[in-house]
Amino acid sequence: MLKKLFAINNPITWISAAALILVVSPEARSGTRKMLVKGTGAVLSLSDSVKTLALGSREQFGKFLEEAKVEKEQMNIPEMIEMGGERMKQSLQGAMEKSKQTFEKTKGSMENIFEKTADVTNLDTSAYNVVNDHLVKAKLDEIEQQFH
């Protein structure tokens, strides 16, 4: 049994030999300590690198997702224009037509407003307040009714 325990291919043999050397030799302990410190530093550096790479990958993936969302929204825009564009065009044409009609009504109403006022005043050179003139008030009320 002792022969199997100290065989060369047995890992316990190698661990026991290393422990014996470390106990006996101060240089071996110093060298082992330096190796352990450098190894620990390398492992920490490697873990920081992995974290940085993972964070960079996460940011790149987030940017990729944002670009994909923007692309998807841009792809839906033509569909929305096709569906709502005709309705919008019709409503704009209706608004333009109503604006033209209102302009024509106002234009017709305003053409002779000053002629009637001049007839009432009989071209008197004294100051005349048109706000108190009943014809002007009636015409302004008529225009106001057209807009409501």
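All of the numbers you see were taken from the coordinates with simple rules; none came from a lab. If you're wondering where the values come from, they're calculated on a predicted model, not measured in any experiment. FYI the Cβ positions are ideal-geometry reconstructions off the backbone, even for glycines, and counts take in every protein chain you see.
If we count other beta carbons within 10 Å of each Cβ, what is the order of I15, I8, fewest first?
The most exposed by this proxy come first: I8, I15.
Would you mind computing the Rg to Rh ratio of segment 25-102 from its alpha-carbon coordinates, Kirkwood style for Rh?
Ratio of gyration radius to Kirkwood radius: 1.72.
How do D48, D133 line up, fewest other C-beta atoms within 10 Å first?
D48, D133
Could you tell me which of the pairs K63/K89; K98/K139; K72/K100 are separated by over 32 angstrom between their Cα atoms in the structure shown?
Table pairs above 32 Å Cα-Cα are K63/K89; K72/K100.
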